[in-house]
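*Asks:* Let me begin by handing over the structure; questions about it come next.
Read-outs throughout are calculated quantities, based only on the coordinates presented, and are distinct from any laboratory measurement. Model, not experiment: these values are computed from the prediction. Virtual Cβ from ideal backbone geometry, glycine too; neighbours counted across all protein chains shown.
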Amino acid sequence: MTSIGGAEMVDWNLAVATATRLVRPGPEVGRDEARAIVAELREHARSAEEHVRGYTRMFGEDADGAAAPHDTPVLVVDRPGWVRANVAGFRAVLTPLLEKMQERRSALPGGAVLGAVGGKVTGVELGMLLSFLATRVLGQYETFAPPSFDLPAGTSAGRLLLVAPNIVHVERELDVDPHDFRLWVCLHEETHRTQFTAVPWLRDHLESEIHAFLAETDVDPSTLLERLHEAGQSMTGGRASGEDGEGSAAESRSLVEVVQTPAQREILGRLTAVMSLLEGHADYVMDGVGPEVVPSVGEIREKFQQRRAKGAGRLDQALRRLLGLDAKLRQYRDGERFVRHVVDRVGMAGFNRVWTSPNTLPTKVEIAKPADWIARVHGDAGN
């Protein structure tokens with residue numbers, strides 16, 4: 001990434017240091033128990049692979065009649081580990097946008113000074129947001145993970161992260177069987193890994209859309225910094241939207257919305273449809289596999305849905321809105337409804353035609369109206 005006066009738009013090292021310093025510690029777990037949890041999560045990740053493949057039927061068989069195992073790594077991490085992994089991913093994906101913003105800033109009087117100060121400020125603000133997110137993510141398939149010791153350069157696949165302290169925290173909060181809950185979470189994340197390893201073009205398609213979105217960005221650096229500062233102020237007890245009568249969480253704009261041009265809105269519509277498909281498919285699969293391998297899946301799903309719907313306090317709601325997390329929750333719901341409707345109508349094999357090419361992915365309208373996707377892709381065969 002280019003820099004002005006040796007300063008980047010974001011001080012990434014400071015972001016990591018800030019997040020790891022501020023992130024709340026996880027639940028109390030003894031050393032032996034922690035080792036057992038890590039071992040169990042790794043084992044569940046392995047067993048979930050077989051369950052997901054059998055249920056989704058997304059993989060063909062090799063010459064010996066069996067599907068080849070995934071070659072993507074599984075990492076069980078703590079909250080600081082999740083922060084470090086995501087900062088590396090953000091840095092790789094956001095490079096085009098930040099370079100563009102940096103070029104614009106270089107033309108301003110005193111741009112070098114602004115760069116030195118702004119990078120530090122943005123690093124702190126980003127770190128504060130990551131400390132918030134690090135307590136909420138249970139698992140994640142890193143589609144765009146940068147090269148590392150466990151993911152050599154040239155590897156097109158990503159890696160699977162399981163955030164052990166968050167999984168333990170939620171299973172205790174919901175008061176559900178911990179072994180069942182851990183496998184249930186692994187089924188969801190394994191579905192994401194299967195989506196990207198079974199559909200070779202999917203990663204490149206998403207990357208192309210994201211780069212197109214960033215290339216269209218036309219936003220003043222100060223505007224984006226203002227949004228990051230607003231989120232950071234919420235984290236430290238400053239005023240959040242809706243707390244002083246000057247606005248509401250519903251009226252505030254997310255960090256994604258603030259950088260939208262007309263072209264970006266079109267791209268974002270396609271990205272939203274794809275993410276709804278991926279998240280909804282994962283939810284559908286984790287519950288579909290569940291009854292056979294997770295005895296208490298009904299109780300887990302009911303309590304987990306109640307937790308999602310309940311949300312948290314006004315501060316948490318304001319941050320979720322600003323970060324676009326409310327949209328992600330809608331993606332789970334809308335996408336799962338789309339998958340369920342299509343599978344009910346044309347079966348799993350019929351649904352799997354969605355993975356044929358970018359042209360068979362559902363549009364944002366079709367996510368809400370799955371019958372339209374069936375008519376477009378299956379024609380009379382879907383009737």
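*Asks:* Amide H neighbours of L75 under 5 Å, counting only residues 5+ apart in sequence or on other chains, H built in-plane at 1.01 Å?
*Replies:* When sequence neighbours closer than 5 places are left aside, the close amide H contacts are L160, L161, L162.
*Asks:* Report, by chain and number, residues whose modeled amide H sits under 5 Å from the one on F144, excluding near sequence neighbours (fewer than 5 apart, same chain).
*Replies:* The answer is none.
*Asks:* Step through the residues of region 301-307 one at a time and calculate ³J(HN,Hα) from phi using the Karplus curve (6.51 cos²θ - 1.76 cosθ + 1.60, θ = phi - 60°), rounding each to whole Hz and writing x for Gly and Pro.
*Replies:* After applying 6.51 cos²θ - 1.76 cosθ + 1.60, I find 4, 4, 5, 5, 5, 4, 5 Hz.
*Asks:* Please list 83-91, 281-289 highest first by mean number of surrounding beta-carbon atoms within 10 Å per residue.
*Replies:* Descending packing order for the listed peptides: 281-289, 83-91.
*Asks:* HN-Hα J couplings of region 185-202 from phi, Karplus 6.51/-1.76/1.60, θ = phi - 60°, integer Hz, Gly and Pro as x?
*Replies:* 4, 5, 4, 5, 5, 5, 4, 4, 4, 5, 4, 7, 8, 8, 10, x, 7, 5
*Asks:* Once you have the Cα-Cα distance between E299 and H341, take 0.36 nm times their residue separation minus that, and quote the gain in nm to one decimal.
*Replies:* Taking E299 through H341 to full extension adds about 12.8 nm, to one decimal.
*Asks:* Which of M348, M9 comes first, and how do the rest follow, when ranked by fewest Cβ neighbours within 10 Å?
*Replies:* M348, M9
*Asks:* Okay, next question. What's the FRET efficiency of A212 with R376 using the Cβ-Cβ distance as r and R₀ = 22 Å, to the nearest 0.05?
*Replies:* That gives a FRET efficiency of 0.45.
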